[in-house]
Amino acid sequence: MTDAHAALSESAEKESPEKAKIGYVLPFSYGLLLIVAAFFYNSPVEILTGFIKIITSPSQLMTDYMVLTSVGAALFNTGLMMCLGVLLLVVSHTPLNGGVFAALFTVMGFSSFGKNPFNALPIFCGVYFFTRLLGIPFREKATVALYGTGLGPLVSAVAFVLELPPFLALPLAFAVGLLIGFVQSPLLTSFSRFHRGYSLYNAGFTNGIAGMIFISFMSYIGCKIDKISLVYRGPSIGLAVLLGLVFASLMLIGFFFEGRSLRRYSQLLQSSGRAGSDFMTQYGHGISLFNMGVCGFVGMAYALLMGGQLNGPIIAGIMMMAGFGANGKHLRNITPVLLGLALINVLTGHDPTWTSAVIAGLFGTSLAPIAGEYGTLAGMVAGALHMTLVGVVGNLHAGVVLYNNGFSCGFIAAFLVPWLELLEDHGWLLGRNVSRRLAGRGGRQPLALKGDGNPGERPSGAA
């Protein structure tokens, strides 16, 4: 490890407990903010009836809860899910790190179009039973439980699509949720080797494979689940203000935690971002929160510049960009991917304003480590390839996997990285981190696997 990175890691570890505690307070406060904001949109009765409709809906892609019910009910569900996620982590004494923040913001974002307490709680229980069976603390798999809710629509579909009597449908749906949670952890560990950490959304790829198998079995026995498209197209100024408040507060809190200095930010921007790059551990809480705000604003800017409408799916994409600002993404490695996605739409004449095109850009930044490791051109190619594939893989799981873009990104990373390594080995590729390795500052870093099944990486530049 270089002296600079060693000093940064040491100072990050020495941060005060007071700064660490803000990690739980902050996301919980955002959840409460959304719950309060809900009542500015709709009456309590409208929110309650809307919430009941949300938890009793199939929720497959794309069911924008703002259209299904109301903006207020969708915000209430989103805020409630964020608070539940925080409580799960607090009760299980899960240590705070960048992966935890990424998981929480993923839950918050996708709760605007697919996740709700009904389809999430059985999955939480499934992960809990898995830990009990193995005799390990639940905190070691808490983030697995949060990410596992990407298959929540499968639970809802079993309960509300198969047209079974309630006394059969509800227990069966709960059992399916338990099974989903139970199988998550070993699958996450195994599938992370497929893309070797160059797709940040390992849970997306894992859930995609699991969802494909579940749906193929259901289809074989005659149970059909159709994809739907409900996308909000109403006023979005208030939603933009809410997002702006969240991201501005992240930047301000991070800035003050850093002693009003951004010295460590330039170091963070040198990271490849390969999966497992826990910025909170490597660079500290303050600079990570600042980077989360930056990534959130970049996501908002991209969506609006592309002519997108702020709705459930797009807000999820923006929130996930912000969340992974603590766990792999930064301005230098997401920009090439976004450029590649936008450019291929322009060159092929596809409408870049479509919600599906906009969210492909936002979620496509899962491939940011490719740009961080192999350079701008490689990142642009990765983004362009993702745009061509993401619309196809959704047919494999009938929309019950919310992380469809993560599913696609896993394939793109697995396909592209071997070729990039070949070019590198022959000296035909000079990305930023590749150049450092060729200059004798360390060989290609192997993928490490952490206890939660998520891939990890030593800090960029480590020996």
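The values are calculated or read from the model by the stated rules, or taken from the named source; none is laboratory data. None of the values given here were measured: they were computed from a predicted structure. Positions of Cβ are backbone-derived with ideal geometry, glycine not excepted, and every protein chain shown enters the neighbour counts.
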Are there any pairs with C-beta distances below 7 angstrom linking a residue in the stretch 328-351 that is farther than 21 Å from Q270 by Cβ to a residue that is of a type in the set (A, V, I, L, M, F, W, C) and not in a helix (DSSP H, G or I), with the two at least 6 apart or on different chains, and if so which?
A342/M306
Quick one: which helices (runs of 4 or more DSSP H) lie wholly within the stretch 113-218 and hold at least 2 residues that are within 20 Å of the chain's Cα centre (by Cα), under 24 Å from A275 (Cα atoms) and not hydrophobic (A, V, I, L, M, F, W, C)?
142-148, 166-195
Residue identified as within 21 Å of I287 (Cβ to Cβ) and either under 11 Å from the mean Cα position of the chain (by Cα) or touching a residue at least 60 places away in the same chain (Cβ under 8 Å) (or both) among A322, A316:
A322
In the stretch 385-409, the residues that are among the polar types (S, T, N, Q) and surrounded by 24 or more Cβ atoms within 10 Å (Cβ to Cβ):
N404, N405, S408
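Inside the stretch 269-339, counting only helices (runs of 4 or more DSSP H) that do not spill past its ends, which hold 2 or more residues that are in the same structural domain as L367 (by TED's automatic domain parsing), in contact with a Phe, Trp or Tyr (Cβ under 9 Å, 6 or more places away or on another chain) and at pLDDT 95 or above? Steps first, answer last, please.
Numbers: elements: 279-283, 285-305, 312-323.
The helices (runs of 4 or more DSSP H) meeting that bar are 285-305, 312-323.
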Given (1) under 17 Å from the mean Cα position of the chain (by Cα); (2) over 18 Å from A357 (Cβ atoms); (3) surrounded by 24 or more Cβ atoms within 10 Å (Cβ to Cβ), index of the condition F290 fails
(1)
Regarding G126, is this residue closer than 18 Å to I54 by Cα and surrounded by 17 or more Cβ atoms within 10 Å (Cβ to Cβ)?
no
Quick one: count up the residues across the stretch 156-179 that are among the aliphatic types (A, V, I, L, M) and in contact with a Ser or Thr (Cβ under 9 Å, 6 or more places away or on another chain).
3
Given (1) at pLDDT below 95; (2) surrounded by fewer than 24 Cβ atoms within 10 Å (Cβ to Cβ); (3) among the polar types (S, T, N, Q); (4) touching a Gly at 6+ places or on another chain (Cβ under 9 Å), where does S249 come up short, assuming only one miss?
(1)
What pairs come out if I take residues in the stretch 205-232 that are crowded, with 23+ Cβ neighbours inside 10 Å and pair them with residues that are in a loop (DSSP other than H, G, I, E, B) whose C-beta lies under 6 Å away, six or more apart or interchain?
N207/V401; N207/Y403; G208/V401; G211/H397; G211/V400; G211/V401; Y232/D64; Y232/N311
Flag for G135 being outside the structural domain of M320 (by TED's automatic domain parsing), in contact with a Gly (Cβ under 8 Å, 6 or more places away or on another chain) and either buried (at least 24 other Cβ atoms within 10 Å of the Cβ) or of a type outside the set (D, E, K, R) (or both):
no
Which condition breaks for S59 when tested against (1) within 21 Å of the chain's Cα centre (by Cα); (2) crowded, with 19+ Cβ neighbours inside 10 Å; (3) not in a loop (DSSP other than H, G, I, E, B)?
(3)
Just the residues that are of a type outside the set (A, V, I, L, M), under 18 Å from the mean Cα position of the chain (by Cα) and over 17 Å from H330 (Cα atoms), please, taken from the stretch 360-391.
H386
Here's a check for you: in the stretch 219-248, which residue that is part of a loop (DSSP other than H, G, I, E, B) and of a type in the set (A, V, I, L, M) is nearest to G109 (Cα to Cα)?
V231
Just wondering, is there one or more residues in the stretch 263-276 that are touching a strand residue (DSSP E or B) at 6+ places or on another chain (Cβ under 6 Å) and touching a residue at least 12 places away in the same chain (Cβ under 8 Å)?
yes
Taking the stretch 398-415 and keeping only residues that are modelled with pLDDT of 90 or more and out of contact with any Leu (no Cβ under 7 Å at 6 or more places or on another chain), one is left with Y403, N405, G406, F407, G410, A414, F415
Looking at (1) surrounded by 21 or more Cβ atoms within 10 Å (Cβ to Cβ); (2) within 22 Å of M280 (Cβ to Cβ); (3) touching a Gly at 6+ places or on another chain (Cβ under 9 Å); (4) of a type in the set (A, V, I, L, M), can you tell me which one L88 breaks?
(3)
